[in-house]
Amino acid sequence: MSSRGITEGLNNHEEALSRHQLTDFRSVNLFRMVADNVVPGTVMDVGAGGGGMVSWLLERGHDARGIDLSPTTAAAAGEFLSAQGHDPSRVRNIGLAELIEQGESHDNVLSMDCIEHIEDDRTAFSQLVSLCRPGGRIIVTVPALMAVYGARDEAQGHYRRYERETLRALTQGLPIRIDTLRFWNLLGVAPTFINQRILGRAIDESFRYGKPGLVPRLLRRGLSGWFRHVENRITPPLGLTLLMVGTRL
């Protein structure tokens, strides 16, 4: 797979995030929503980043593993897993194609904020389907809405953001049934549009990662409650993220 994702900007983001995954309201609530869609059996997180999703699933009794193309990101994930009391080798530095060549298959295949970094996303998505056992679950999250594409996307090596139609199109001709296709993170749309398309700058997300002060703490607490009790339970008309849940036929 050709990927723009192994970039300094992306690696720095993932390594920084790995230190704050359990306090970042976005990550925790996305982990929670994805985990709610996992079926019994093995789980492979493709593009595991800082290892937070793998850790979240392990702590809830799932047989979860992950892979990441970036050696430094995979190493950061291993350090995070070890700090949480898990086997650091659960996240490996290996590519998806190589994993398939080794004959692996899993009951759940996850890919969270990953395929937007890959130029040939059609091939990448086909490989995700190939890695999943018949009857298993394929769960993908991607950044949504090309209308807000901007500096942050470019810095992190995004080839694109997705609309429902472009994500759905990746499934055509493949043995997968779409069970859920929905937006997530409605509240982030307006500030991201203003910053990236009007002001021409990346949005400052430092408040997500433990920025000190009363206002950032209150903001994190309020947003965490919003995501857990509202956003994860409704289907908003727009959002910065698209979630697809499918069944391998």
With a 1.4 Å probe and all protein chains left in place, how much accessible area per residue does the chain have, in Å²? 44
For a quick check, take a GNM of the chain with Cα springs below 10 Å and name the residue from Glu59, Glu205, Glu231 with the largest mean-square fluctuation. Glu205
Take segment 45-162, drop everything but the C-alpha atoms, weight them equally and run the Debye formula without solvent; then report log10 I(q)/I(0) at 0.11, 0.22 Å⁻¹ to two decimals. -0.37, -1.29
Once Tyr159, Tyr149 are ranked on solvent-accessible area with the largest value leading and a 1.4 Å probe, the list reads Tyr159, Tyr149
When the chain is treated as a GNM, springs tying every alpha-carbon pair under 10 Å, which of Ile194, Ile139, Ile176 comes out with the largest mean-square fluctuation? Ile194
Could you work out, for the chain, what percent of all Cα-Cα pairs fall into each 5 Å distance bin, beginning at 0 Å and stopping at the bin that holds the largest distance? 1, 6, 14, 18, 22, 19, 12, 5, 2, 0, 0
Starting at the first residue of segment 182-192, write each ³J(HN,Hα) from the Karplus equation 6.51 cos²θ - 1.76 cosθ + 1.60 with θ = phi - 60°, in whole Hz, x for Gly and Pro. 9, 7, 8, 6, 5, 5, x, 5, 4, x, 5
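What trypsin sites (Lys or Arg not before Pro) in segment 177-209 are in a loop by DSSP, with at most 16 other Cβ atoms within 10 Å of the Cβ? The partial results should precede the final answer.
On the way: sites: Arg177, Arg182, Arg197, Arg201, Arg208; in loops: Arg201.
Counting only loop positions with at most 16 other Cβ atoms within 10 Å, the trypsin sites (Lys or Arg not before Pro) in segment 177-209 are Arg201.
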At what distance in angstrom do the alpha carbon centres of segment 170-249 and segment 154-168 lie from each other? 14
Kirkwood-Stokes translational diffusion coefficient of segment 111-249, alpha-carbon pairs, 20 °C, 1.002 mPa s, µm²/s: 131
So who's got an amide H within less than 5 Å of the one on Gly66, skipping anything under 5 residues away but keeping other chains? H placed 1.01 Å off N, in plane. Asp45, Val91, Arg92
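The values are calculated or read from the model by the stated rules, or taken from the named source; none is laboratory data. These figures come from a predicted structure and were not determined experimentally. Reconstructed Cβ throughout: ideal geometry from the backbone, glycine too, with neighbour counts over all protein chains shown. The accessibility values were calculated without ligands, DNA or RNA, using every heavy atom of the protein model including side chains. Shrake-Rupley method; radii C 1.70, N 1.55, O 1.52, S 1.80 Å.
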